[in-house]
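Data first, discussion second: the structure below is written as structure tokens.
The values are calculated or read from the model by the stated rules, or taken from the named source; none is laboratory data. Computed from a predicted structure; not experimentally measured. Heads up, the Cβs are rebuilt from the backbone with ideal geometry, glycines too, and the neighbour counts pull from every protein chain shown.
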Amino acid sequence: MRVVIACALVVLSVLAALGVAQNQNVVSSLTGRISGTSATAATTPEPAKQIAVIKDQERPAASTPSMTAAAPAVSTPVTTASPAPASSATVGAAEATGALASTAVPAPAKAPAPAQMLAQAAPPAGRPAPAPPAESKPACPGNPDALGVARTVEIDTTGGPGFGFEHFKQHDFLRAGEVVLTFDDGPWLHNTPAVLAALAHHCVKATFFPIGKHATYYPEILKQVAEAGHSIGSHTWSHADLSKRLNEVAKTHGSDEAKEKALEEAKGEIELGISAVRAAVGDAAMPFFRFPALRHPPELVTYLGQRNVAMFSTDLDSFDFKMRKSDNVLRSVMEKLKKHGKGIILMHDFQHVTAEALPTLLDQLKLNGYKVVHMRAKTNVKSLPQYDAMLVKEQKLPTVSSRPTSDVVKTVNE
Ligand SMILES: [Zn+2]
């Protein structure tokens, strides 16, 4: 009997280990956050794949080997899969309590954590503690007080996960004191370049949600955004409120045909926006999308899910588009951050007032101990050929001449 039980245990362990290995790349980085569901994840890989996988890319390498060795192989697959430095685990544990809001100015590294979470992350007795990283902050030329990027996360957009607690309660990946900077409605003359300059001065990276039409007006500015290493999603073709037509049809009890037409129009807004961004920056275009006016018609949330495009609402809306003074933008963001403690911040590189406020805002974020998290997508976004073709038609009629303007038009009298 004993032998039978022992054999069964061995078989189960092997099966579990295989399951864990299969899922390591899927749930690897949800450190300390879904340990309660790890058993399910190990045996049923499919649901786990639906989870937006957020991988840290800038964990200090120095601590990795000993943490890997320290983590038990089967009993805590999530922790094993994603070794994290003790300080991160502390914050992660605080986050695991589910608290979005923290009232005080954040002090991430000092946040208290439940004992068992700390125990999971700590190396067992007898092994040396991992050495602290030599230099966690990358140097930023010309600015010794730069914010820098504290952490880069990779988002698996499969299934169209939603982010931003104003509308989506799905994935809370920020630790206390962390912010994600996002900018909408560009690219635009002067304002977008000013935003880029302010971000470069602090060596931080942001995520941009450009309007398709604007991308066709100023593709070279959007290229600068891509070249600076920022992430670029999309924000429809013409900034149409996608819920409007659908609501009208619903209100007037329109026919199925009318509903279908409204839905196709709305999809066209999304797709033409993606095509326009791709036309400007190619593979730098990411499957990230923000709905104009943060209106989220359920049919289109489903559609984006099928397109494997992640949706971003916001945690902190700056309402910068309603403001005339840069001081107000600054106050709006800092006060909301103080209240929430962390979050995805929504601003507009299209707005002059934001371009003006940003240098001081970044200084203030640094002074108050906030950390910037940069989001990247695991894959780029593919546009659909019929909308690429439509985009070409939207552009001016092509001609066979490719001579430069200076060659074609000459000033002969001034
Ligand atoms: Zn917008």
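Across segment 333-353, what is the total count of residues that are within 27 Å of Leu222 (Cα to Cα), away from the ligand (no atom under 16 Å from the Cβ) and part of a helix (DSSP H, G or I)?
Result for segment 333-353: 1.
With Asp156, Asp185 as the choices, which residue is crowded, with 20+ Cβ neighbours inside 10 Å and out of contact with any Phe, Trp or Tyr (no Cβ under 9 Å at 6 or more places or on another chain)?
Asp156
Report yes if Thr192 is among the hydroxyl-bearing types (Ser, Thr, Tyr) and either within 16 Å of the ligand (Cβ to nearest atom) or in a strand (DSSP E or B) (or both), otherwise no.
yes
Does segment 205-238 hold any residues that are within 14 Å of the ligand (Cβ to nearest atom), of a type outside the set (A, V, I, L, M, F, W, C), buried (at least 18 other Cβ atoms within 10 Å of the Cβ) and not in a helix (DSSP H, G or I), and which are they? Please lay out each step first, then the result.
Initially, segment 205-238 is screened for residues within 14 Å of the ligand (Cβ to nearest atom), giving 207-215, 233-238.
Subset that is of a type outside the set (A, V, I, L, M, F, W, C): 207, 210, 212-214, 233-236, 238.
With buried (at least 18 other Cβ atoms within 10 Å of the Cβ) added as a condition, the list becomes 207, 210, 212, 214, 233-236.
The answer is Thr207, Pro210, Gly233, Ser234, His235, Thr236.
Pull up segment 320-332, narrow it to residues that are buried (at least 17 other Cβ atoms within 10 Å of the Cβ) and within 16 Å of the ligand (Cβ to nearest atom), then point me to the one that is farthest from His201 (Cα to Cα).
Of all residues in segment 320-332, those buried (at least 17 other Cβ atoms within 10 Å of the Cβ) come to 320, 323, 326, 329-330, 332.
Remaining after also requiring within 16 Å of the ligand (Cβ to nearest atom): 320, 323, 329.
Values: Asp320: 21, Met323: 24, Val329: 19 Å.
Among those that are buried (at least 17 other Cβ atoms within 10 Å of the Cβ) and within 16 Å of the ligand (Cβ to nearest atom), it is Met323.
Can you go through His239, His253, His190 and tell me which one is assigned by TED's automatic domain parsing to the domain that holds Thr158, at pLDDT below 95 and on the phi > 0 side of the Ramachandran plot?
Just one listed residue meets the conditions, His253.
Taking the criterion of being within 16 Å of the ligand (Cβ to nearest atom), in contact (Cβ under 8 Å) with a residue 24 or more places away in the chain and in the same structural domain as Ala198 (by TED's automatic domain parsing), would at least one residue in segment 359-378 satisfy it?
Let us first name the residues in segment 359-378 that are within 16 Å of the ligand (Cβ to nearest atom), namely none.
No: zero hits.
One residue is enough: does segment 163-175 have a residue meeting the conditions touching a residue at least 12 places away in the same chain (Cβ under 8 Å), in contact with a helix residue (DSSP H, G or I) (Cβ under 9 Å, 6 or more places away or on another chain), within 16 Å of the ligand (Cβ to nearest atom) and among the hydrophobic types (A, V, I, L, M, F, W, C)?
no
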